[in-house]
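Below you'll find the structure, written out as structure tokens, and then a few comments.
The values are calculated or read from the model by the stated rules, or taken from the named source; none is laboratory data. Remember, predicted model here, so these are calculated numbers, not experimental data. Ideal geometry is used to build each Cβ from the backbone, glycine not excepted, and the neighbour counts take in all protein chains shown.
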Amino acid sequence: MFRSLAHYWRINLAVMLGGAVATSVLTGALMVGDSVRGSLRDLTLDRLGRITDAVVADRFFREDLAVELGSSGEAEVAPIVILRGAAVTDSGARASRVAMIGADERFAAMYGDDAGGLAALFGERLEGQLFPSVVVNDSLRRELGVEVGDSLVLSFTRFSYVPRDSLMGDKDPDDVLARFRVSLVEVVPDRGVGRFGLSPHQGTPLNAFVALEQIQRVLGQQGSVNGAVVETLQGTEAGERALHAAVGLSDYGVIVERGVSHFDVASRELVLRDDVAAAIVAAAAEVGAPAMPIQTYLANTIVGNGNLLPYSMVAAVDPLGGPGAFSLTLEDGSTAPPLADDGIYLSTWASKDLSVRPGDTVEIAYYVVGPHEELSTATTELRLDGVVEMEGLAADRDLVPDYPGLQEAEDISAWDPPFPVDLRLIREEDEEYWDEHGATPKAFVSAATGKRLWTTRFGSTTSVRIGAVPGRGLRSSTTAFREALLARLDPAAFGLRFRPVRQQGLEAAAGATDFAQLFIGFSFFLIVSSALLIGLLFGLGVQQRAGEIGLLRAVGYRMRTVRVRLLGEGAVLACLGAAIGVGGGIGYAWLMMAGLRTLWLPAVGSTALYLHIVPASLGAGWGIAVVVILTTIAMTIVRIGKVPPPVLLAGSTSRTSRRKGRRLAWTLALSATVAAVAMVFYAISTGALSSPGIAFGTGALLLVAGLSYFAAWCRGGRKRGMGPGSGVLVGMAARNSSWNPGRSMLSVALVGSACFVIVAVAANRQELGDELMRRDSGAGGFALVAEADVPIHGSLRSEQGRRDLGLSHDDSAVLSRAEVFPFRVLPGEDASCLNLYRPEKPAVLGVPDELIRRGGFSFQATLDIGDAGAGDNPWSLLNAELEPGVIPAFADAGSAQWILHVELGEDVVIEDDFGKPARLRLVGFLAGSIFQSELLIAEERFLEHFPSRGGDAYFLIDAPWDEAAEVSRILESALGPFGFDSTTTRERLMSYKAVEHTYLSTFQALGGLGLLLGTVGLGIVLVRNVIERRGELATLRAFGFRRATLVWLVLAENAFLLAIGMLIGTLSALAAVAPRLTTVHVPWGSLLATLGVVLVVGMLSSAVAVNGALRVPLLSVLKAER
Amino acid sequence: MVAEGLKVLDVYKSFDTGEQSVEVLRGISFGIEPGEALAITGPSGSGKSTLLHLIGTLDRPTRGRIEIDGLQASTLPEPRLAHFRFESIGFVFQDHHLLPQYSVLENVMIPTMAFPRDRRKAEARARELVERVGLSHRIEHRPAELSGGERQRVAVARALINHPRLMLCDEPTGSLDRASAESVASLLFELHGEEGNILIAVTHSLELAGRFQNRLELREGRCFEA
């Protein structure tokens, strides 16, 4: 066997190299997958340093909590403030999506020596440095075009405990936005600490680091932070336990204020969340203390008997009775009984002021805040059930929380509340009351009435009054209550939980897209071509030994013995070739990774992707390749075994079975044609002519038909049109191509299929045109899409709102011609193809009712959920009532399929504001939409589950298309400090399409490479044909055909096969995409270049092969004595 | 010696086998006039086919001259040599070397395609020859559908399509049964008589050689009149 291998070393070397190519491509593709995963893992470890976990909350908590966590010995902890915002330079350069990180030495220590650049933050200011120091990463420096010494302004959300969406929340842009002028003192590279970020994304973040103390001061949050990065020493669970032990009520924003006989439990947010209020009541019950929930609200007016009482507090409470702090006393000295739902008590002062008596009707007017913070006034009429003495509960100022802008005012006229106040209504009596009693309530309603009138998504309790436990002192009762309450509150429900960011990052690094699979797909034709090449080369080798095989068979060797012998040789070649190919695979993968970093960068968005060699993949690639190569060789051997010994002895390895299969070919050709025509008729009748599925199906049928017609032509039929004269060469070439129908078919089928896929795929590049203006397009008819880093409170839809946001009259006039649809945003990971990591917590948008009513966009599929989603507008599905805890959601079809890997009807589970799982059930898939990065739920559901998400941070703008640029300019200019960034929907869609197009280009390039290799195979087919036909060719020479003529004849034959294959493949593909040619962008240039290169290389390789083959002295063939 | 016809003058042919040179033909000389027929016989390896290929200009002598109608064709450059073969020489091989993908008619016409020719005239001539070799009923058949004798008849017709001055046959009946061989031999002589060309055949068959008026025997590279 080894002597045979050595004797036919040339052809065996070629087989081995063919095997090496196949192995290289296969192993290389596997390694691309490993490399992308490995690079993403590296990026995760790089950006996190020693950080294993992170606690990042939507609220500020004690910095000491971090210290206490660290002192537990379970973890190394670095408290941080992390905010998102914008940066602007003096020259006007602006960057949005900037991560502002307030850090100290503890944070820098997480990165060891790599964080040396941050040291500049912690020292003294440089000489002449006017502003506090900032260190930025190189990406942000480039984005802003700044140098060390320059100053810039950072703007970000100023934290407010009071929800800005609530009545008492401050929405003034100057209060919402914190602006912080800083001096750039150092630039850190885009690695290590420069790449710091807690969400997995391969893109480099824009990071600005400032000293923790500085940012705390700017925010007015001295001693508080909103995050901590942790290196757990004993694992995440141990860290969680330490957190539970260290956390205090103040970290939850819960305040306990002790009175003389009771203590009040309130919230720094002014309103206690319902779950917290329930926990307080339960904790009080647990320790045996009486608890009385209280809700206070501001009545704009209380009207009775024709008189008006302005701006009065009303308390909703069910007095417990007993001591004064828990009861109301009627004028007659009796304890006031519980109120009915339509009843009200007024204080003696108020009843006197209004001149009303029990039984009279009292009307209360109060503000109601709409979902977009729009204020409206509601009124309710109540029956006066009694007048209470101003003592005990009725004289208690502590019932009312410290409303900002009110409580600290000397008098009512000095109020500065975040809502409009008509100071003209304020009378002398009111000022006197304010002076004497402050914000003490003037009216009382039942707790049920309060809930009915004033419940917001933030809660319905402003405080809970708790008395001492019977038999125990107030101090001891308070302590017992605190412990009971702490035990009942879960830190996770307040966002205080250990997020194992390193583990999550490493898991997400497995990637949304399996690049190994992707590149095996891209390299499919390369692999098939290599396999074909191996088969042809091995066949060529066997052909050289046809006589030997024939002889062995003639002298009595069993075919099985011959096969085993050949297979043994094949196995040696396969193993050696695959081993060489493994090395080539490393090179191939390196090349592909270089391609991803450069040519195909839009698909991956990171230049930090490098080759990673995983031995297991090398082994797998080698093993799979050996199987593929051996299978190919075995197929060749099996074919040889069917050739009769006399034919083999004559030096041929092909049987002449021209007619065989001709009928089958005709049947297939006609059936495929009929099926293709039927499909076109079906498409026309159903209006689905441009459906990709139908188009591809029709094209594939046409391809089968074309190839079958060619097969039928090859396998028989009298072919006319040949004879002396011009063009005879072409005619002869065409006829000769049917000399070995099997080989010719193989060549044409390979070239045809490759061309079909390459052209069909290339013609799938969708061009975005005027159809975006249509409501059923991926842009929904919207011209602009915008995002803000700092959520915007206030309405861009109204003149007043625009003015409040600082837009000029003229600008507002331009905007009045546009309709803005604002969305709430739950920040999360990018769910689109722009993110290579697998998103665990995708971003969620709250879709406003206006958009649900408007409809638009097109859906690939919707879930049938009965009557709930019935109607013409699929958006109404978002309002469907599903089982408890399940929220109807939409996703973009592409993101769901390729990135999130979820099906219609499946749930994506995320954590809500209360630390509970929110199950987002996918009830609709949008087709090619601008919503590829997020999931969509109805705003109403959004607010239920994420009430803390105030303001709007995502906007769709239905502007006249010719004014889109102007609208964008105005908004970006006015709202720049909010990090407002608008882009056309076309650009947004194109950014997603760029990924798709890059993948298509990759496929086209690698498919073209495969096709190229296929043409080399074609050359080998040709050489084999020439060898088998050398007698025929020698005869032609004997009759006067020149050698050059014969070379041209054979080349024309090859060109014919190549051209037929390319023609069948290309025409079938173009027929498939014909109905969509107006909406797709066919890259004719690169496509024709690919096909042209294939044709040229095919002809050149054939010329070399044929030239070599015809150099063999033909004379000997003609000699009778051989 | 004659001005027209074939003259072989002191022809030597040797082949390099790498380390040494093997002299196959050693000073072969003879002449033959148009209308004459010559059989070349000899044992295997005596150089019969080599001599035939030298005459047919498929190969060049190492030394000596071969003149056909006064022209020393071996000195012509390749393109002109090919044209010379096209116009002057017709071959019949032991292995007929018919092109399997073409019909009988097309196979006969193949030599006309090496250089531009009037297609209609060529086809008429081919049909005439097919008829002449008795295969009109097989004119559209392919070689695979013919018997060995029929294939060789097609090869004979093909050799005559361009009215060659020299008709060279290399073991024309070597692979045929006795009856077919007889039939093909008769056909060769009939057509030779009709065309008036020079017929040279290399054969082992004493029976076939016996039908030629001139016979030459090759032994160890030298020729002897038989």
field: Hits in segment B:188-210 (condition: over 14 Å from the mean Cα position of the chain (by Cα), of a type in the set (A, V, I, L, M, F, W, C) and away from every other protein chain (no Cβ under 14 Å))
entry: B:LEU206, B:ALA209
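Tell me the residue from A:PHE156, A:PHE131, A:PHE107 that is outside any helix (DSSP H, G or I) and either crowded, with 22+ Cβ neighbours inside 10 Å or assigned by TED's automatic domain parsing to the domain that holds A:PRO404 (or both), please. Walk me through it before giving the result.
Details: A:PHE131 fails: either crowded, with 22+ Cβ neighbours inside 10 Å or assigned by TED's automatic domain parsing to the domain that holds A:PRO404 (or both); A:PHE107 fails: outside any helix (DSSP H, G or I).
One residue alone meets the criteria, A:PHE156.
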task: Can you tell me which residue among A:GLY370, A:GLY392, A:GLY359, A:GLY386 is out of contact with any helix residue (DSSP H, G or I) (no Cβ under 7 Å at 6 or more places or on another chain), of a type outside the set (Val, Ile, Thr) and surrounded by 16 or more Cβ atoms within 10 Å (Cβ to Cβ)?
output: A:GLY386
- request: Among the numbered conditions (1) within 14 Å of chain B (Cβ to nearest Cβ); (2) farther than 23 Å from A:ALA749 by Cα; (3) not aliphatic (A, V, I, L, M), tell me where A:THR985 comes up short.
  value: (1)
- request: Please name all residue pairs, on different chains or six or more residues apart, with Cβ atoms under 8 Å, provided the first residue is in segment A:487-508 and is surrounded by fewer than 19 Cβ atoms within 10 Å (Cβ to Cβ) and the second residue is β-branched (Val, Ile, Thr) and in a helix (DSSP H, G or I).
  value: A:GLN503/A:THR236; A:LEU506/A:THR44
- request: Please enumerate the residues belonging to segment B:83-106 that are within 7 Å of chain A (Cβ to nearest Cβ), surrounded by fewer than 24 Cβ atoms within 10 Å (Cβ to Cβ) and among the acidic types (Asp, Glu).
  value: B:ASP95
message: Can you list the helices (runs of 4 or more DSSP H) lying wholly within segment A:762-878 that have 3 or more residues being out of contact with any Leu (no Cβ under 9 Å at 6 or more places or on another chain) and within 27 Å of A:GLY905 (Cβ to Cβ)?
response: A:849-854
query: Looking at segment B:107-120, which of the residues that are within 16 Å of A:ASN736 (Cα to Cα) and at the interface with another protein chain (Cβ under 7 Å from one of its Cβ atoms) is modelled with the highest pLDDT?
result: B:MET109
statement: Wholly inside segment A:555-671, helices (runs of 4 or more DSSP H) that include 1 or more residues that are surrounded by fewer than 20 Cβ atoms within 10 Å (Cβ to Cβ) and at pLDDT 80 or above are A:559-597, A:601-604, A:615-641
statement: A careful count of residues in segment B:112-132 that are without any contact (Cβ under 8 Å) to a residue 24 or more places away in the chain and not in a loop (DSSP other than H, G, I, E, B) gives 9
Exclusive hit being over 17 Å from A:GLU940 (Cα atoms), assigned by TED's automatic domain parsing to the domain that holds A:PHE955 and either crowded, with 22+ Cβ neighbours inside 10 Å or charged (D, E, K, R) (or both), set A:ASP907, A:ASP912, A:ASP849: A:ASP907
- request: Report yes if some residue within segment A:161-172 is in a strand (DSSP E or B), surrounded by 21 or more Cβ atoms within 10 Å (Cβ to Cβ) and in contact (Cβ under 8 Å) with a residue 60 or more places away in the chain; otherwise report no.
  value: no
- request: Take the residues in segment B:121-145 that are over 19 Å from A:GLY1040 (Cα atoms) and within 9 Å of another protein chain (Cβ to nearest Cβ), then tell me which one is farthest from the chain's Cα centre (by Cα).
  value: B:GLU140
field: Subset of segment A:686-712 (residues that are modelled with pLDDT under 80 and either assigned to a helix (DSSP H, G or I) or in contact with a helix residue (DSSP H, G or I) (Cβ under 6 Å, 6 or more places away or on another chain) (or both))
entry: A:THR686, A:ALA688, A:LEU689, A:SER690, A:PRO692, A:GLY693, A:ILE694, A:ALA695, A:PHE696
- request: Within segment A:52-68, track down each residue that is within 22 Å of A:GLY828 (Cβ to Cβ) and acidic (Asp, Glu).
  value: A:ASP53, A:ASP58
message: Restricting to segment A:884-924, name every residue that is of a type in the set (Val, Ile, Thr) and more than 18 Å from A:THR862 (Cβ to Cβ).
response: A:ILE899, A:VAL909, A:ILE910
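Among A:PHE1003, A:PHE946, A:PHE955, A:PHE931, which is over 30 Å from A:ALA813 (Cα atoms) and modelled with pLDDT of 85 or more?
On the way: A:PHE1003 fails: modelled with pLDDT of 85 or more; A:PHE955 fails: over 30 Å from A:ALA813 (Cα atoms); A:PHE931 fails: over 30 Å from A:ALA813 (Cα atoms).
None of the others qualify; the one that does is A:PHE946.
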message: If a residue must be surrounded by 16 or more Cβ atoms within 10 Å (Cβ to Cβ) and within 53 Å of the chain's Cα centre (by Cα), how many such residues does segment A:424-441 contain?
response: 3
task: Report whether or not A:VAL1093 is at pLDDT 70 or above and more than 12 Å from every other protein chain (Cβ to nearest Cβ).
output: yes
task: Please specify each residue of segment B:29-51 satisfying the condition of being more than 9 Å from every other protein chain (Cβ to nearest Cβ), under 17 Å from B:PHE91 (Cβ atoms) and outside any strand (DSSP E or B).
output: B:LEU51
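Yes/no per residue for (1) farther than 30 Å from A:SER795 by Cβ; (2) outside the structural domain of A:ILE302 (by TED's automatic domain parsing); (3) at pLDDT below 90:
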{"position": "A:GLY333", "(1), (2), (3)": "yes, no, yes"}
{"position": "A:ILE344", "(1), (2), (3)": "yes, no, no"}
{"position": "A:GLY359", "(1), (2), (3)": "yes, no, no"}
{"position": "A:VAL362", "(1), (2), (3)": "yes, no, no"}
{"position": "A:ALA365", "(1), (2), (3)": "no, no, no"}
{"position": "A:GLY370", "(1), (2), (3)": "no, no, yes"}
{"position": "A:GLU373", "(1), (2), (3)": "no, no, yes"}
{"position": "A:GLU381", "(1), (2), (3)": "yes, no, no"}
task: Please indicate, with yes or no, whether at least one residue in segment A:225-248 is outside the structural domain of A:THR456 (by TED's automatic domain parsing), charged (D, E, K, R), under 33 Å from the mean Cα position of the chain (by Cα) and farther than 30 Å from A:ASP114 by Cα.
output: yes
Residue in segment B:147-171 that is nearest to the other protein chains (Cβ to nearest Cβ), counting only those that are in a loop (DSSP other than H, G, I, E, B) and farther than 16 Å from A:ARG1037 by Cα: B:GLU171
statement: Residue count, segment A:1037-1061, condition within 8 Å of chain B (Cβ to nearest Cβ), in a helix (DSSP H, G or I) and not small (Gly, Ala, Ser), comes to 3
- prompt: Name the residues in segment A:173-197 that are under 30 Å from A:GLU940 (Cβ atoms), surrounded by 21 or more Cβ atoms within 10 Å (Cβ to Cβ) and in contact with a strand residue (DSSP E or B) (Cβ under 6 Å, 6 or more places away or on another chain), would you?
  reply: none
- line: Out of (1) farther than 30 Å from A:SER744 by Cα; (2) at pLDDT 90 or above, the one B:LEU160 does not meet is (2)
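Each row is one residue, and each column tells you yes or no for (1) at pLDDT 85 or above; (2) over 11 Å from the mean Cα position of the chain (by Cα); (3) crowded, with 22+ Cβ neighbours inside 10 Å.
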site: B:ILE40; (1), (2), (3): yes, yes, yes
site: B:GLY47; (1), (2), (3): yes, yes, yes
site: B:ASP69; (1), (2), (3): yes, yes, no
site: B:GLN72; (1), (2), (3): yes, yes, no
site: B:PRO77; (1), (2), (3): no, yes, no
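Give A:VAL56, A:VAL67 a once-over and let me know the one that is among the aliphatic types (A, V, I, L, M), in a strand (DSSP E or B), modelled with pLDDT under 90 and within 26 Å of A:PHE494 (Cβ to Cβ). Talk me through it step by step, then tell me what you get.
Values: A:VAL67 fails: in a strand (DSSP E or B).
Selected residue: A:VAL56, the only one of A:VAL56, A:VAL67 that is among the aliphatic types (A, V, I, L, M), in a strand (DSSP E or B), modelled with pLDDT under 90 and within 26 Å of A:PHE494 (Cβ to Cβ).
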